[in-house]
Amino acid sequence: MAEVNRNFLKLASGYLFPEIARRTRAWQERNPSLEILRLGIGNTTEPLTKYIADAMHQEIDLLSRRDTYTGYGDEQGNESLRKALSEFYKREYGVIINPSDFFISDGAKSDAANIQEIFSSSSIVAVTDPSYPVYVDSNVAGGRTGEYNGINYDGFVYLKGRKENGFIPSPPDVHVDLIYLCSPNNPTGAVMTREQLKGFVDYALRERAVIIFDAAYSDYIREEGLPHTIYEIEGAERCAIEINSFSKNAGFTGVRLGWSIVPESLQSGNGEEGVVHRLWNRRQTTFFNGASNIAQAGGEAALSEKGRAECRSLVDYYLGNAKIIKEGLESIGILCYGGINSPYIWAECPRSMTSWQFFDFLLEKAHVVVTPGSGFGPAGEGFVRLSSYGHREDITRAVDAIKEHIND
Ligand SMILES: *Cc1c(COP(=O)(O)O)cnc(C)c1O
């Protein structure tokens, strides 16, 4: 009898985005002539930029000729792209990482979900609350938790991000083996300082834990002195894996391209060097056949001087949207966090509304869809996440609608 993997059944507890879609659809059916304005989506909306798109066109031309056609590439990614990434880290962050420590992927989400496979199923996992759902769900599916208890999962160590700590939790006060961090954070928009990140690196070195650091929004950091990569912190090369992506800075959410850094110098729980690197290499070469060669050509272009300038203006555009949202909401007295080094604004629900109450209120009165904070974990209750991904004119209309109807 083919029994299902019971760990997956633990995930059954309501998923955020289908519920948002259900309520939005129901509203649209009741109001067929009205238009929905969206500030809820974490998906890019602006077109690919010229230099990067041209590089992908050229790659298609090469693939279309007999003498320049290529099939499968290295599972770890093209050597030229891994070199370009290594040079990029050195040039922009002053950090030395060997090209062979980079693993090119089809995006950060797969890596964030798959990385747990190479660690013991008995690992104790710390996640932040609120959190990007992938870290939680992949470890539930990996059997590292008990059941969902109606609030969260038994077995995780939750690091709570609250107003009082600026949504940056402190390292755990108990032993854990794996720690997931995301900075700039989705959903709160908070960015860890060097000191805060150092606290986690020191903890990991002391406890022989491994940090999985998601830097998908690193290009949104515009304030000086904030770390863009965990490897800016001394010792991180011995205890941290970094995950990143071209999705949010080059608009590759549909193109699909990311990378992970799993340093050869990373130590496993018993202090052995190289084993985590080797296992990830084994995992990827066995279960993954490499990222699209067209996407990789685009990625390499994105790391060039011209490509970096294009990515910067793309990110500037979304940060401009974020500013409009933040200033608009603050002008009507709503407390906002994030939105400066991040595309996300984490807004406190007014009049003591819960996340879903404020969601329903904004949908009914302003016809605006946001994301309820409680969907990212219990500590997100009382907040909503607003996203700057949208065309400028739609963002402006949505903000104006909220301003007009906030007292309805
Ligand atoms: C969008 C996002 C990613 C990027 O995922 P891709 O699979 O590369 O598109 C990774 N982490 C977080 C927290 C994100 O919000």
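The values are calculated or read from the model by the stated rules, or taken from the named source; none is laboratory data. Remember, predicted model here, so these are calculated numbers, not experimental data. Cβ atoms come from the backbone with ideal geometry, glycine included; neighbour counts cover every protein chain shown. These area figures cover heavy atoms from the full protein model, side chains too; ligands, DNA and RNA do not enter into them. Shrake-Rupley method; radii C 1.70, N 1.55, O 1.52, S 1.80 Å.
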Seminar exercise, completed: Rounded to whole angstrom, the alpha-carbon centroid of the range 141-194 lies from that of the range 273-351 at a distance of 20
Exercise. Could you give the length gained on full extension between Gln58 and Ser352, defined as 0.36 nm per residue of separation minus the Cα-Cα distance, in nm?
Worked result: 100.4 nm
Seminar exercise, completed: Phi-derived 3J(HN,Hα) across the range 385-402 with the Karplus relation (6.51, -1.76, 1.60, θ = phi - 60°), rounded Hz, x for Gly and Pro, is 9, 10, 10, 8, 7, x, 5, 3, 5, 6, 4, 4, 5, 5, 5, 4, 5, 5
Exercise. If you take all C-alpha pairs in the range 198-255, what percent of them are over 15 Å apart?
Worked result: 53
Exercise. Taking the chain as a Gaussian network, Cα atoms linked when under 10 Å apart, which of Gly146, Gly320, Gly251 shows the biggest mean-square fluctuation?
Worked result: Gly146
Problem set entry | Sites excluded, GluC sites (Glu not before Pro) in DSSP loops with at most 13 other C-beta within 10 Å, longest stretch of the chain | 273-408
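Over the chain, average the accessible area per residue using a 1.4 Å probe and give it in Å², no decimals.
Ligands and nucleic acids excluded, the result is 44 Å² per residue.
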For this session: Enumerate the lysines that Lys365 could reach by cross-link, defined here as Cα to Cα under 16 Å, with residues fewer than 8 away along the same chain left out.
Result: Lys403
For this session: Any aspartates and glutamates with Cα under 19 Å of the Lys198 Cα? List them, leaving off those in the same chain fewer than 8 positions away.
Result: Asp173, Asp177, Glu207, Asp214, Glu223, Glu224, Glu232, Glu234, Glu237, Glu242
For this session: Could you tell me the accessible area of Tyr317 in Å² (1.4 Å probe, neighbours in place), rounded to the nearest ten?
Result: 60
Problem set entry | Distance between modelled label sites at Glu273 and Glu393, nm, 7 Å Cα→Cβ extension | 5.8
Exercise. Once the Cα gyration tensor of the range 52-303 is diagonalised, what are the square roots of 5 times its eigenvalues, in whole Å and ordered largest first, as equivalent ellipsoid semi-axes?
Worked result: 31, 20, 18
For this session: Go ahead and set up a Gaussian network model of the chain, Cα springs under 10 Å, then flag whichever of Asp173, Asp54, Asp219 fluctuates most.
Result: Asp173
Exercise. When we measure straight from the Cα of Lys109, which lysines land under 16 angstrom away, once same-chain ones fewer than 8 places off are left out?
Worked result: Lys248
